[in-house]
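Here is the structure we will look at.
The values are calculated or read from the model by the stated rules, or taken from the named source; none is laboratory data. Because the structure is a prediction, the values reported are computed rather than measured. Virtual Cβ from ideal backbone geometry, glycine too; neighbours counted across all protein chains shown.
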Amino acid sequence: MLRVVLPKGSLEEQTLRLFAEADLPVRRGSERDYKLIIDDPRIGEVRLLRAQEIPLYVQEGYFDLGISGRDWICETGSDVVELMDLEYNKQTTGHPVRVVLAVAEDSPVGRAEEMPPGSRISTEYPRLTRALFDRLGIAVRIYPSYGATEAKVPDIVDAVVDLTETGSTLRRAELRIVATLLESTTRLIANRESYADPQKHAEMEEVVTLLRGTLAARGRVLVKFNIHRDALEKVIGIVPAAKSPTISRLYGSDYYAVESVVPKAEINHLIPQLKARGAEDILELPILKIVD
């Protein structure tokens, strides 16, 4: 059985939603309960901890599986197996967040290389920050931050290295991004020894299959309709498909049944076009998982 650790805080809501959609719903006794339950024979202990801590705990073998951001894997220097990119962050899906260097809007600095020696940098990412300025050969003073990092410029520090999803918080603080240290998405990670264990490896792969199938289904629907053989060619050319539409002849008639997986964003344009070309009995159905 796998010991699993999930992220508390900004990634919590999206993570619990993903597991619920993957038929691995997480139960907790109360909002303050950090020991969770997933009713699945492959999963034993489940904990809820801060994403910053998770990579090291997984590396050290306290947990077999964990979820954290790539930013914290890099910041902690953790040696873990990255099983899959979960493609979400706090607010968005499919777009990475960035760890960036930002200065005051009226600062003359336009690039990281232009930071003066001795500059004061506030950050929750001291390791990544040190690595950047060591590569540039610029001696700076790094101050660990434990929140409200952007509020410290210019009174306390000259610049910040901070995480941004849209850049709006930095702009409101009248800061300007001058460098990106890395891009980050949420990752499913594994302890190396656990991953090498045949039983745990098999259990991990099954969990990955469920999560990957759930992510693949997001933003897609199944469209089904019937079409007379004389109009079949008119509709096939406009039907998007993950591979190709499934077409089968209806018994004892000149009609065909067509079904295809299509992007949800396109369905409001596709259905009227199908109807205009002769499609009948059009159905739009939700998809929970797509497993190749």
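When the range 151-161 is limited to residues that are under 14 Å from I177 (Cα atoms) and assigned to a loop (DSSP other than H, G, I, E, B), the one that is modelled with the highest pLDDT turns out to be D158.
The number of residues in the range 20-48 that are under 20 Å from L288 (Cα atoms) and out of contact with any helix residue (DSSP H, G or I) (no Cβ under 8 Å at 6 or more places or on another chain) comes to 3. Taken over the range 222-244, the criterion of being under 30 Å from the mean Cα position of the chain (by Cα) and crowded, with 19+ Cβ neighbours inside 10 Å is satisfied by V223, V239. Among the residues of the range 174-203, count how many are small (G, A, S), outside any strand (DSSP E or B) and in the same structural domain as D158 (by TED's automatic domain parsing). Qualifying residue count for the region: 0.
The residue that is modelled with the highest pLDDT, counting only those in the range 45-62 that are of a type in the set (A, V, I, L, M, F, W, C) and closer than 22 Å to S30 by Cβ, is I54.
Consider the range 123-149 and keep the residues that are touching a helix residue (DSSP H, G or I) at 6+ places or on another chain (Cβ under 7 Å) and within 13 Å of V99 (Cα to Cα). The one that is surrounded by the fewest Cβ atoms within 10 Å (Cβ to Cβ) is R127. Where helices (runs of 4 or more DSSP H) sit wholly within the range 33-150, those with at least 1 residues that are of a type in the set (A, V, I, L, M, F, W, C) and under 18 Å from E183 (Cβ atoms) occupy 70-76, 126-136. Per the conditions (1) free of Cβ contacts under 8 Å to residues at least 24 places away in the same chain; (2) assigned to a loop (DSSP other than H, G, I, E, B); (3) within 24 Å of I290 (Cα to Cα), the sole criterion not satisfied by S253 is (3).
Only one entry in E60, E105 is assigned by TED's automatic domain parsing to the domain that holds Y146, of a type outside the set (S, T, Y) and over 20 Å from the mean Cα position of the chain (by Cα), namely E105. The residues on offer are E193, E183, and the sole one that is at pLDDT below 95, within 30 Å of Y62 (Cα to Cα) and either exposed (fewer than 14 other Cβ atoms within 10 Å of the Cβ) or among the acidic types (D, E) (or both) is E183. Within the range 123-138, the set of residues being free of Cβ contacts under 8 Å to residues at least 40 places away in the same chain and of a type in the set (S, T, N, Q) comprises just one member, T123.
A single member of L215, L270, L232, L170 is part of a helix (DSSP H, G or I) and in contact with a Pro (Cβ under 8 Å, 6 or more places away or on another chain), and it is L270.
Listed here are the residues, each with its yes/no results for (1) touching a helix residue (DSSP H, G or I) at 6+ places or on another chain (Cβ under 6 Å); (2) more than 26 Å from I43 (Cα to Cα); (3) surrounded by fewer than 21 Cβ atoms within 10 Å (Cβ to Cβ).
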residue	(1), (2), (3)
D64	yes, no, no
E75	yes, yes, no
V99	yes, yes, no
P116	no, yes, yes
I121	yes, yes, no
